[in-house]
Amino acid sequence: VIRSSAILGIMALGVTFVVIGGNLDLSVGSMMSFSTIVVLGLHDKLGPTAAIPAMFALTLMLGAFNGYLIGYLKLNSLIVTLGMLSAIHGLTLMWSEGKNKDIADKEGTWFGIFGQGDIIGIPVPILLFALIALMLSLLLSRTPFGRKVYAVGGNGTAATFSGVPRARVVFFTYLVSAFCVATAGLIQASRSLGSQNTVGQGMELEVLAAVILGGASLMGGSGTIFKTVIG
């Protein structure tokens, strides 16, 4: 059950940063479909060693676009990410040409280690979930960036007058979210070595539910990584 929940959980970790910063990200489901399809599509063309960083780069570009529109152009996060949900879904359909993606030589690739492997008896997805949760928890609670995320979400105007670069902080929260989505897409692709092009459809609401159940406020300024893991 935890292995299955790791994909949802990793995505929720990134969205926690966005929500604490006072915004929403409804594009994570479509973005996960995109990252899964991209890494599977590039696997047979470039090999897993090149496909994985290429997929992370493309997914981070989508997150950066979200962050730019919301952070620097100050557009409404609900409207932007709702629009990006449809746009990224269309991009995924174009990339996959409307077809599902499968790795041709499933027996001869090491790519399955991320979703199917285990280390000292513990499944790799669970280890990745725990490792990312620990890293992001330290980032949120023990660094100046984490304090700025809370400040921007709690009172953005006051944070700006206090010298906090509000736009930059919001921008980086969406990069964190995109990184987590890319990791979740990597695990999803690795689990079955194939995927439908709608694999992440509807997950944005489950991810948001996990964050809210963990105690994060939709108004921003409150929440922790540990509580999101429980959620």
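Worth pointing out:
- Only one of the listed residues (F179, F226) is aromatic (F, W, Y) and touching a Phe, Trp or Tyr at 6+ places or on another chain (Cβ under 9 Å). That residue is F179.
- Restricting the stretch 62-79 to residues that are in contact (Cβ under 8 Å) with a residue 24 or more places away in the chain and hydrophobic (A, V, I, L, M, F, W, C), the residue that is nearest to V199 (Cα to Cα) is L62.
- Where a residue in the stretch 81-105 is touching a residue at least 60 places away in the same chain (Cβ under 8 Å) and closer than 15 Å to K45 by Cβ and its partner, wherever it lies, is open to solvent by 90 Å² or more (accessible area, probe 1.4 Å) and part of a loop (DSSP other than H, G, I, E, B), with Cβ under 6 Å and at least six apart: none
- Residue in the stretch 157-164 that is within 21 Å of T92 (Cα to Cα) and either open to solvent by 40 Å² or more (accessible area, probe 1.4 Å) or among the hydroxyl-bearing types (S, T, Y) (or both) present: no
- From the options F56, F17, F34, residue that is more than 26 Å from R147 (Cα to Cα), out of contact with any strand residue (DSSP E or B) (no Cβ under 6 Å at 6 or more places or on another chain), aromatic (F, W, Y) and crowded, with 24+ Cβ neighbours inside 10 Å: F34
- Filtered residues of the stretch 52-61 (kept if closer than 20 Å to I113 by Cβ and without any contact (Cβ under 8 Å) to a residue 24 or more places away in the chain): P53, A54
- Selected residue (criterion: nearest to G29 (Cα to Cα)) from residues of the stretch 86-129 that are open to solvent by 60 Å² or more (accessible area, probe 1.4 Å), in a helix (DSSP H, G or I) and of a type outside the set (A, V, I, L, M, F, W, C): S86
- Taking the listed residues T173, T183, T143, the one that is of a type in the set (V, I, T), surrounded by fewer than 23 Cβ atoms within 10 Å (Cβ to Cβ) and closer than 28 Å to L131 by Cβ is T143, with no other qualifying.
- Output for the stretch 114-165, where each listed residue is of a type in the set (K, R) and under 20 Å from V229 (Cβ atoms): R142
- Within the stretch 219-231, being of a type in the set (A, V, I, L, M, F, W, C) and open to solvent by less than 100 Å² (accessible area, probe 1.4 Å) holds for I225, V229.
The values are calculated or read from the model by the stated rules, or taken from the named source; none is laboratory data. Because the structure is a prediction, the values reported are computed rather than measured. Neighbour counts are summed over all protein chains in view; Cβ atoms, including those assigned to glycine, are modelled from backbone coordinates with ideal geometry. The protein model used for the area step is the full one, side chains on, heavy atoms only, and it has no ligands, DNA or RNA in it. Shrake-Rupley method; radii C 1.70, N 1.55, O 1.52, S 1.80 Å.
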